[in-house]
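Structure, as structure tokens:
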Amino acid sequence: MKSTEQQTANQAEQNPKQLHATGTGTPVRHVVVPGYPILLWMTYLLLASVVSLFMPQPIYADSSFFEAAVRQVYVFIIFGQLILWPMLCLSRKWQHRAALSLAAEALTMMVLAQVVIWPLYNVTRWPLQSIINIDFFLLACTVGVVGITALGVTVPGKTPRVLAMLACIVLVFFGPLLGMLRVFLALPLPRLADSLSPVLCVYRETSRVQDNPSPGSGFLTVVVAFGVLCWIIAFALESRSRR
């Protein structure tokens, strides 16, 4: 009996933060549950849909009016999920399991976004493949943002968080930035570079004039691989710091 109590006391001295306040010596198991950002995301989706779909419309509104509104909702989703959400995450204080919590939040947000993306497709005349392309582009960029944000949160200091936020912005506006360099600096960049953006993907896939080439799966594969690599590094750093 004494040996058991002595063993418990030694565990408490070595790792007091992982024991219950009851002193029983049972390790605390933190359950990763998406928190208040998910409630904010649901509110954001609702407001984006209301603002876009219920804005003043002409007396005789045709399908082009509703297509423009749906396109605006999609852009709102991209901006919220790839810019506002990482901004919120990088400004929060994380106590434990930041990498897992970010992955859980991103998965929940992506599922909730599908509830908005796919029903709105029914009020448009766009091809099904266009919505699939937009969805895959958003999913790939979300994986990239999750990895970048997790790495920025895990590495100590404010500078990694600032750099992570800048990386998320560059990821979203990568195509327009390259387009500006190609035009203003006369750089010999292919026109395909202008399409490397989730925002431009929405306008390209929903436009009846396909004047911009599709970036294909190569760019999305690189983004996903980079995001997964960053997330694994963040998870490893976090696991090492808890030892």
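The values are calculated or read from the model by the stated rules, or taken from the named source; none is laboratory data. Just so it is clear, the structure is predicted and the values come from calculations on it, not from any experiment. Glycine gets a Cβ as well: all are built from the backbone with ideal geometry, and neighbour counts include every protein chain shown.
Numbers below:
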read-out	value
All positions within the stretch 72-126 that are closer than 22 Å to Leu47 by Cβ and of a type in the set (D, E, K, R)	Arg92, Glu105
Hits in the stretch 117-165 (condition: among the small types (Gly, Ala, Ser) and farther than 15 Å from Leu220 by Cβ)	Ser130, Ala150, Gly152, Gly157, Ala164
Single condition Ser195 does not satisfy, out of (1) modelled with pLDDT of 75 or more; (2) polar (S, T, N, Q); (3) under 22 Å from the mean Cα position of the chain (by Cα)	(1)
Wholly enclosed helices (runs of 4 or more DSSP H) of the stretch 99-189 bearing at least 3 residues crowded, with 19+ Cβ neighbours inside 10 Å and under 15 Å from the mean Cα position of the chain (by Cα)	128-154, 159-172
Selection from the stretch 55-98 of residues that are part of a helix (DSSP H, G or I), of a type in the set (Ser, Thr, Tyr) and at pLDDT below 85	Ser63, Ser64
Residue in the stretch 141-153 that is polar (S, T, N, Q) and at pLDDT below 90 present	no
